[in-house]
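J.: The structure under discussion is supplied below as structure tokens; questions concerning it will follow.
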Amino acid sequence: MLKLSPVSRLAGAILAVAALLAACVPTSEHPILVPGAPTVDPDILGTWRGEVGEQDSILIFLDSREEADAGGMTLLLAAPAAPHEDSDPGWIYALALAAKVGDQRYLSIEWRSDGGKAVEPDMRGYHLYRYEIEEDGEMHLYGASEAELTALHEQGKLEGTVSGSGVTRDLRITASSETLVKLLGEVDPEVVFSDLAGKLARVK
């Protein structure tokens, strides 16, 4: 799933959530965007709670289109402290852009800061997800499969740069937003985005 720069100021629980959301997904230089289409999904605005991996987590989606320098949604993520703990769990801040391609919904998430400390520029990039709202209202979040994205890159269908080798091999997607949208219309989204990253219920 997605990669996040090491951050010393995060508590252990929130760092664990970040690691679960950050494991194994290549970073993209560009988000999934459909020209002229909304980047805010009203269906997911608000507060959600559930498991990310096996970690209890809170995700808050806020409409940030009115901000002078931002569009899309603000995403705040934290792992709540246990009942006997008094410490502030800390928050990770991200930009989240929604897109709909065919009948599938996607999120492009770029982590911006943790507890007020900005993510280093060379670690910035979008992490791509598919999500579904189930009949019971639960949101399922799926990360892109590293193996599937790597295969598409090796087949010449997905532009990117590769660094490292073996277990340290890293793919950074350089394809444009337009190319990503076109590719998503040609592949099976449930195969490319098959890694269940979280199950979340709306907090009322």
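The values are calculated or read from the model by the stated rules, or taken from the named source; none is laboratory data. Only a predicted model underlies this, so the values are computations on that prediction, with no experimental measurement involved. Cβ atoms come from the backbone with ideal geometry, glycine included; neighbour counts cover every protein chain shown.
J.: Could you go through the stretch 97-114 and let me know if any residue there is assigned to a helix (DSSP H, G or I) and either of a type outside the set (D, E, K, R) or at pLDDT 90 or above (or both).
T.: no
J.: Is it fair to say Ala94 is surrounded by 18 or more Cβ atoms within 10 Å (Cβ to Cβ), under 17 Å from the mean Cα position of the chain (by Cα) and at pLDDT below 95?
T.: Spelling it out, Ala94 is indeed surrounded by 18 or more Cβ atoms within 10 Å (Cβ to Cβ), under 17 Å from the mean Cα position of the chain (by Cα) and at pLDDT below 95.
J.: I'd like the full set of residues that are in contact with a strand residue (DSSP E or B) (Cβ under 7 Å, 6 or more places away or on another chain), of a type in the set (S, T, N, Q) and free of Cβ contacts under 8 Å to residues at least 40 places away in the same chain, limited to the stretch 156-204.
T.: Thr161, Ser163
J.: Right, here's the next one. Here is a list of conditions, (1) at pLDDT 90 or above; (2) surrounded by 13 or more Cβ atoms within 10 Å (Cβ to Cβ); (3) not aliphatic (A, V, I, L, M), and Asp136 meets all of them except one; can you say which number that is?
T.: (2)
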